[in-house]
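Only one structure is covered here, and it is reproduced in the block below.
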Amino acid sequence: MSNIGPFKEDGTLKTSEEIIAEAREIESIALAKQIREERDILIQEIEWILFPHSAATSECKTEVLEYIVALRNITEQQGFPFDVVFPLKPNYVKV
């Protein structure tokens, strides 16, 4: 990220376009962090189903694994982090 504030490193004022681009970059970083944190919470809520002691069927575990993979791939969506669609939890999972 470039020098934060209204001045360039050479001491001249930034243009309004440069300031807007800088603000958008800062917003992008913060939003991406927030989305990753939300994603990580969703994974933590459901990953126990994949543990060997879980009574879940292999079909259930497969669906949960696909859901987790979709969550992990959320950062690869076009438009991330401003336009993100979270995958739906499998129907039988009520967390």
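Filtering segment 28-44 for residues that are on the phi < 0 side of the Ramachandran plot, surrounded by 14 or more Cβ atoms within 10 Å (Cβ to Cβ) and at pLDDT below 95 leaves an empty set. Of all the residues in segment 63-92, those that are of a type in the set (Ser, Thr, Tyr) and farther than 16 Å from Asp40 by Cβ number 1.
Checking the structure you have, find out if any residue of segment 40-49 is free of Cβ contacts under 8 Å to residues at least 40 places away in the same chain and more than 20 Å from the chain's Cα centre (by Cα). Yes: segment 40-49 contains one or more residues that are free of Cβ contacts under 8 Å to residues at least 40 places away in the same chain and more than 20 Å from the chain's Cα centre (by Cα). The residue pairs whose first member lies in segment 5-31 and is within 16 Å of Phe82 (Cα to Cα), whose second member is of a type in the set (Val, Ile, Thr), and whose beta carbons are closer than 8 Å, counting only pairs six or more residues apart or on different chains, are Glu22/Ile4; Ile26/Ile4.
The set of residues from segment 50-60 being surrounded by 11 or more Cβ atoms within 10 Å (Cβ to Cβ) and among the small types (Gly, Ala, Ser) comprises Ser54, Ala56. Among the residues of segment 68-95, those that are over 29 Å from Glu25 (Cα atoms) and either in contact (Cβ under 8 Å) with a residue 24 or more places away in the chain or in contact with a Ser or Thr (Cβ under 9 Å, 6 or more places away or on another chain) (or both) comprise Lys89, Pro90, Tyr92, Val93, Val95. When we screen Glu76, Glu47, Glu63 for residues that are at pLDDT 90 or above and exposed (fewer than 11 other Cβ atoms within 10 Å of the Cβ), the only hit is Glu76.
The values are calculated or read from the model by the stated rules, or taken from the named source; none is laboratory data. This structure is a prediction, so every number in the text was calculated from the model and none was measured. Cβ coordinates were reconstructed from backbone atoms using ideal geometry, including for glycine residues, and neighbour counts include every protein chain displayed.
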